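Throughout, read-outs are computed from the coordinates displayed, never taken from laboratory work. All figures in this text were calculated on a predicted structure; none of them were measured in a lab. Backbone-built Cβ (ideal geometry, glycine too); neighbour counts: all protein chains shown.
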Amino acid sequence: MDFQGGTIMVVKPDTFYLFFLLIPVVYILYLRFKRGHKDLGSIGGKFRSRLIMDVFVVKWFFSSLLFILFIIFSILAAADFTGPGKTTIKSSEGVDLVFLVDISGSMLGTDVPPSRLKRSTDLISAYIENLHEGRFGLVVFKGEGIKIIPVTEDRSSLSAVLPYLSPDMFSSSGSNLESGINTSLSTFTKGEERKKIIILFTDGEVLKGDAMASAEKARNLNVDIIIIGTGTSGGIEIYNANGDPIRDDKGNIVISSLNNSLFENMSFLENVFYLNSSDSTVLKDSIDIIKERSGSSIISDIRESRYRIFLSFAILFLFLYISVRIFPWKNTF
Amino acid sequence: MITFDFPGMLLVIILLPPLIFLRHFWKNRGGRLSFSFTIWDQEVFKPGIYFSKLILFLGSFFFWLGLLFLIIANAGPSLVTREKIYMTRGIDIMFVLDESPSMGAKDFLPVNRFESAKGVIKNFVQGRDHDPVGLVSFGKNAVLRIPPGLDYDNFLAQLGNLQLLDLGNGTAMGMGIALACLHLKESTAKGKIIILLTDGENNSGEIVPESAAQIAAAMGIKIYSIGLGSSGKVPLEYTDLETGKIYRGIYESGYNEDILKEISAMTNGEFYQARSPAALDTIMSSLDSLERIEKRTRLNIKTRPIHRELILLGFILILSDFFLKKWIFREVL
């Protein structure tokens, strides 16, 4: 999360929560002052206690002040202030698309006719037909992500596999979107500057993994994700192979519905786009996004970090803090 | 690899040893107060905390280690990764491998023809650099195993999984070549080749090798055909995949050399005879050097600053020492 103030930006503003540590630090320093004042007053003896107290108060004050300043400037350094950025525009040479398909049981829901999964594979066929350039790969996920077709120009191999996608392909259970996205990221070929896009077909009934974390990982790798949400908000019952509706532990029929909230959260990331497969313009809209994102440029914004100013002061204050302790004053301590 | 933007800042580390000496070993250091025991009108000192010296040592160790991390962070450390970016397209290579039972002939000791062929294909692919490779295998039927792509790990995994007799008892060479051509159809590579490894005559499938070669020639695909094995009686062994039964016997080996020469000639390829593993190795090596194109590459250097991790780590270590000494040991200064 970033925020911007003029030309200075704080990359990690969450770091400022560490300032709360000053409360226990100041409290402990105060307690040590009280204790030291009392004990040193006792052991100083009749003739030296005043001198000892003077030295103690002065040393305590400066060492505490310097330590607190060290904490403040360390936190400011860790928050990572950055100056104005330098924009770098690179052009990408082609686009690689990985279709990531949810093949969990809920994708057999018929609220999107003929079924959520069939709608997804039909859309994939449409993409293959309408996108005349680019390379394609195919990954499916249930309990984990599995690479089916590595990225290739050979569209016919992809088309041949699509009719066979089903929950019965693999025995793993559940729905782990994080694993699916991670497997998709590993499917892209290294060593080429091509625009990389994952097109995700899912109803969002995610039971395992941290989908947001993998979406952020994709962002850091400059990979876009277009989510095609398949299903309806109202949901539908899901049936097993015997034709019986699936029930939960309490015997209630499970209703599987489209998880809009997950997609809306993910689409806050600048590399994630969300469309609904039921929209009549979903194919055109997604192709427009693909063309826009892959057409011309990958922009990287390199900002110079200004942390060293704060860190240098933090180190200086720490050295002075050590020195206050090391060097005796007035031949006392 | 770690690099530093301001390596000169690391010179500050030179100050650490004298500071450590002054802080812990200097005879006249501050922070210590001698007093008359008779003035101390309290209880006798008791060793309060077990292993107190060890804990104090750990605390001091954390402090200096934390300071070291902060100094290193101030030098601007970054993790550098280098990625080779290919500016030119490689050539597409499709391997068409015979899986018929005769490939179990044991005249390619110490293994049979099939395992020997797999071995040389593996070495060939591992020596390639950014050339898409694919795999078709044939027995009674022909199957695409991997479409042409740059995922060499996936290719080698699929190659390793191939088994004799997986596609039935027959030799559909023409179908294998035709299937390879089909999956090279959409390739945009300037060079496309098929490397055919077989030891038999075409006796299955609807397409004869000559017709498949015509298709390849029309698509500009070269066919390098390698005839495996020697003529005459050879020992044979293979396992029936359905029953697990092992079959052994003597097999009258031979392939139609004229057909292989013809299909190579039609496509401007070459025909080779491999009667031993060494000969097969040599042939593949010469193919490897024959079909290479000059590739232009660029080195992409990515840097990831790691100063923030070091700052936080140093901060935590120094605070640990603070809490240890001020809270647990109640150090007053």
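Per-residue mean of foreign Cβ neighbours for A:187-194 is 5 (Cβ atoms of other chains, 10 Å radius). Helix A:116-130 and the longest principal axis of the Cα set of chain A meet at an angle near 80°.
Mind giving me the FRET efficiency for B:Ser78 and A:Lys190? R0 is 25 Å, r the Cβ-Cβ distance, nearest 0.05 is fine. That gives a FRET efficiency of 0.75. Of the cross-linked pairs A:Lys142/A:Lys195; A:Lys190/B:Lys106; A:Lys12/B:Lys302, those separated by over 32 Å at the C-alpha level are A:Lys190/B:Lys106.
When Rg and the Kirkwood Rh are both derived from Cα coordinates, the Rg/Rh ratio for the stretch B:63-152 amounts to 1.38.
In this label model, B:Met87 and A:Ser172 are separated by 4.0 nm, measuring between points 7 Å along each Cα→Cβ vector. For chain B, modelled as a GNM whose springs connect Cα atoms under 10 angstrom apart, the maximal fluctuation among B:Gly66, B:Gly31, B:Gly314 occurs at B:Gly31.
Modelled this way, with points 7 Å down the Cα-to-C-beta line, the labels at A:Ser312 and B:Glu186 are 5.7 nm from one another. On the beta carbon distance between B:Arg330 and B:Asp129, with R0 = 56 Å, the FRET formula returns roughly 0.30. Panel order for A:Phe20, B:Phe124, by other beta carbons found within 10 Å of each beta carbon, from fewest to most: A:Phe20, B:Phe124.
Helix B:52-74 sits at what angle to the longest principal axis of chain B, using alpha carbons and giving 0 to 90 degrees rounded to 10? Compared with the principal axis, the helix lies near 60 degrees.
Under 12 Å Cα-Cα from B:Lys118, which aspartates and glutamates qualify once same-chain neighbours fewer than 8 residues away are excluded? In chain and number order, the partners are B:Asp98, B:Glu99, B:Asp281. Model label points for A:Ser323 and A:Asp14, set 7 angstrom from Cα along the Cα-to-Cβ axis, are 3.8 nm apart. Rounded to the nearest Hz, the phi-derived 3J(HN,Hα) couplings of the stretch B:123-130 under the Karplus curve 6.51 cos²θ - 1.76 cosθ + 1.60 (θ = phi - 60°) are 4, 4, 5, 5, x, 7, 9, 6, where x marks glycine and proline. Considering only GluC sites (Glu not before Pro) in DSSP loops that have at most 14 other Cβ atoms within 10 Å, the longest stretch of chain A without any of them is A:134-269.
Global size of the stretch A:1-80: 18.8, 61 Å for Rg and Dmax (C-alpha atoms, Rg to one decimal, Dmax whole).
For the protein assembly as shown, the convex hull spanned by the alpha carbon atoms encloses 249 Å³ per residue. Translational diffusion of the stretch A:93-295, estimated by Stokes-Einstein from the Kirkwood radius over alpha carbon pairs at 20 °C in a medium of 1.002 mPa s, is 127 µm² per second. Straight-line cross-link partners of A:Lys250 among the lysines, defined as a Cα under 22 Å from its Cα and at least 8 positions apart when in the same chain: A:Lys208.
Pairs A:Lys59/B:Lys27; B:Lys192/B:Lys261; A:Lys196/B:Lys222: which exceed 21 Å Cα-Cα? Beyond 21 Å: A:Lys196/B:Lys222. Ordered by the number of other Cβ atoms lying within 10 Å of each residue's own Cβ, fewest first, B:Phe108, A:Phe73 fall into the sequence A:Phe73, B:Phe108.
Within 10 Å of each residue's Cβ, count the other Cβ atoms and sort A:Ser171, B:Ser320, A:Ser106 from fewest upward.
Ordered by Cβ neighbours within 10 Å, fewest first: A:Ser171, B:Ser320, A:Ser106.
For chain B, the spread of Cα coordinates along the three principal axes comes to 113, 48, 30 Å, biggest extent given first.
Less than 13 Å apart at the alpha-carbon level, and either on another chain or at least 8 residues along: which aspartates and glutamates does that give for A:Lys217? Partners found: A:Glu178, A:Glu270.
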